[in-house]
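The values are calculated or read from the model by the stated rules, or taken from the named source; none is laboratory data. This one's a predicted model, so the numbers in the text were calculated from it and none came from an experiment. Cβ atoms come from the backbone with ideal geometry, glycine included; neighbour counts cover every protein chain shown. Protein only, heavy atoms only, side chains kept; ligands, DNA and RNA dropped before computing areas. Shrake-Rupley method; radii C 1.70, N 1.55, O 1.52, S 1.80 Å.
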Amino acid sequence: MPVPLRQSVRVGSYLMKQKLRGVEKFPLLVELEPLFQCNLACSFCGKIQHPDHILKQRMPVDQAIAAIEECGAPMVSIAGGEPLVHPEIHVIAEELLNRKKFVFLCTNAILMKKRLDRFTPSPYFSWVVHLDGMRERHDQFVEREGIFDLAIEAIKEAKARGFRVSTNTTFLTTDTPETVREVLDYLNDELEVDSMQISPAYAYQKAPDQDHFPGVTQTRKLFSEAFADGKRKKWRLNHTPLFLDFLEGKVDFQCTPWGIPSYSIFGWQRPCYLMGDGYTETYKELIETTDWEQYGRGKDDRCANCMAHCGYEPTAVLHSMSSLRESLRAVVAR
């Protein structure tokens, strides 16, 4: 069974169980942040703006596993900070894989090649390398020369060893339809990664650079032009067709913040991975004590320009599951 199909079947079964049980709010994927420290200091990042004593903290393995087991999500994205800085990140990944969770380990790839021996290829495991454009654009984004070449070298080595490798690309106001197409063509056709994830940058309030976060109108224009002439169909994009329609402005809907919750060294983040309105100790408390109705575009100013996949991909998935036509589109897209 090909991995994307295996994942689709597992998630589809999980969604059906929630529906049969009458559960309204449940996680599709958890953003697990076992640390905030990173070996880069990007001006667009709002995750590393913490004092040193916080950046030095590391989540224990047992705590990470307990959180995932409590919420029951079938998929886990291990983020940060830079996860490979965590000395036991391979243990966390292994324990999740033993529980048949789909694990996506996000990395800037600086340490990836050195750490490959600590991991074993699995149909449930995928590296997710942040590549935010071609060489000059990416190195400018991460504010350090040579990182693009390190990432490409690490991706090729991982693929040679039998790992699944995906990428995650964030777009800013400085991007054009041409730069979107250029990087996706390269990743898809030349580097031949297994899948690609894309997202407009979210305007983190703590990010040092506040001048290059795109608004809704600019985002829709960017992607509708980049996807013109059916280009998006040729790329192995790891998104539902409805989410891509949403990026283009063909459809619109509210986000589902509880669909991809975030768990970090502080606990469960309220209300989502991108906004921090406090933390809860348990997932049950997060769901039951958060006033979800106060969030979303038109309700909270911080949500006004957000089109990030962590909020809107769950909505697209749920819409797809409730429509035979959209379900078929999602299957064909795989």
Dividing the helical contributions, -39500 (n - 2.57) per DSSP H run of n ≥ 4, by the residues of the chain yields a 222 nm value, nearest 500 deg cm²/dmol, of -11000 deg cm²/dmol
Comparing K233, K113, K47 in a Gaussian network model of the chain (Cα, 10 Å), the one with the largest mean-square fluctuation is K233
Quick note, segment 49-119: a/c under 1.5 would make it rounded; otherwise a/b > b/c is prolate and the rest oblate (a ≥ b ≥ c, C-alpha gyration tensor); here it is oblate
Ranked by GNM mean-square fluctuation in the chain (Cα springs under 10 Å), the top entry among L318, L35, L237 is L318
Taking the dipole of segment 196-316 about the Cα centre (Lys, Arg +1; Asp, Glu -1; charges at Cβ), the one of F243, G215, Y273 that reaches farthest to the positive side is F243
Sorted by number, the cysteines in the chain with no other cysteine beta-carbon under 4.7 Å are C38, C71, C106, C255, C272, C303, C306, C310
From the Cα centre of segment 148-169 to that of segment 110-138, the distance in Å is 5 Å
Of all DSSP beta bridges having both residues in the chain, the percent classed as antiparallel (nearest 5) is 15 percent
Under the rule rounded for a/c under 1.5, else prolate if a/b exceeds b/c, else oblate, using alpha carbon gyration tensor axes a ≥ b ≥ c, segment 2-147 is classed as prolate
Given pairs K156/K231; K113/K234; K221/K250; K47/K156; K114/K156 and cut-off 18 Å on Cα-Cα distance, the over-length ones are K156/K231; K113/K234; K47/K156
Sorting K284, K101 on solvent-accessible surface, 1.4 Å probe, most exposed first, gives K284, K101
For the chain, averaging the sequence separation of alpha carbon pairs under 8 Å that lie six or more residues apart and dividing by its residue count, the contact order in percent is 17 percent
Largest-first ranking of T107, T170, T289 by accessible area, probe 1.4 Å, whole protein assembly kept, is T289, T170, T107
Phi angles of segment 51-56, converted by Karplus (6.51 cos²θ - 1.76 cosθ + 1.60, θ = phi - 60°) into ³J(HN,Hα) in whole Hz with x for Gly and Pro, give x, 4, 5, 7, 5, 7
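Taking square-rooted eigenvalues a ≥ b ≥ c of the alpha carbon gyration tensor, is segment 232-330 rounded, prolate or oblate, where a/c under 1.5 means rounded and, failing that, a/b exceeding b/c means prolate?
Prolate is the answer for segment 232-330, as a/c is 1.5 or above and a/b outweighs b/c.
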Computed about the Cα centre, the charge dipole of the chain from +1 Lys/Arg and -1 Asp/Glu charges at the Cβ has a magnitude in debye, to the nearest 20, of 1180 debye
